[in-house]
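The values are calculated or read from the model by the stated rules, or taken from the named source; none is laboratory data. Just so it is clear, the structure is predicted and the values come from calculations on it, not from any experiment. Note: ideal-geometry Cβ built from the backbone for every residue, glycine included; neighbour counts use all protein chains shown. Ligands, DNA and RNA are stripped out before the accessible areas are found, and what is left, the full protein with its side chains, is counted by its heavy atoms. Shrake-Rupley method; radii C 1.70, N 1.55, O 1.52, S 1.80 Å.
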Amino acid sequence: MLVLLAGIFVVHIATVIMLFVSTIANVWMVGTTATGKGSWGLWLMCNGTCRQLAVSSNEAASLKAAQAFMILSIIFSVIALVMFIVQLFTLEKGKRFYITGAIMLVCWLCILIGASIYTARFTGMRAGFVNPHHGYSFILAWICFCFSFIIGILYLVLRKK
């Protein structure tokens, strides 16, 4: 049981790190331009130099929502990690990690909403980019989606021994 808890803890830390990287890095989409490769993400469009991501006024709300949900997912993941450590030392034997699991499932929901909004609204063509495809930040966000669901369910199922 101790090995399982340690493994879940390590995967949880890896998920938090990957969430930070996927949210901060501007490589959600990658494409080719006349001057070389370029990328864009939640915050900036980079093509040699980085500048603010230009979106139309009707897409601005969707971009802000995707940014907000990805930031919320980081916050909930860190809170779940802290709650796991607190519950590990304060929970009575035989009790389950309900609070930690519930918070991690809220994190999972935030990743789902943020990544889905970005997928639906911003994965198409950008002006000046040819042959766009998903970058590593986008893929990391979906990997974190899977990990946070698995971790959340495991926290709900596990008992403290």
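Observations, loosely collected:
- Length-normalised contact order of the stretch 77-158 in % [C-alpha pairs under 8 Å, at least 6 apart]: 46
- Accessible surface for F20 stands near 90 Å², nearest 10, in the context of the full protein assembly shown (1.4 Å probe).
- Under Karplus coefficients 6.51, -1.76 and 1.60, residue-wise ³J(HN,Hα) of the stretch 52-69 in Hz, glycine/proline x: 4, 5, 7, 10, 6, 5, 7, 9, 4, 5, 5, 5, 4, 5, 4, 4, 5, 5
- Of the residues A68, P132, L154, the one whose Cα sits farthest towards the positive end of the charge dipole of the chain is L154 (charges of +1 on Lys and Arg Cβ, -1 on Asp and Glu Cβ, taken about the Cα centre).
- Helix 2-24 axis, angle to the chain major axis (alpha carbon atoms, nearest 10°): 20
- Measuring only protein heavy atoms, the 1.4 Å probe finds R96 accessible over about 60 Å².
- No Cys partner within the rule (Cβ under 4.7 Å), the chain: C107, C110, C144, C146
- Estimated from helical segments only, the mean residue ellipticity of the chain at 222 nm is -23000 deg cm²/dmol, where each DSSP H run of four or more residues counts as -39500 (n - 2.57).
- Mean separation of Cα contacts under 8 Å (6+ apart) over length of the stretch 4-161, as relative contact order %: 34
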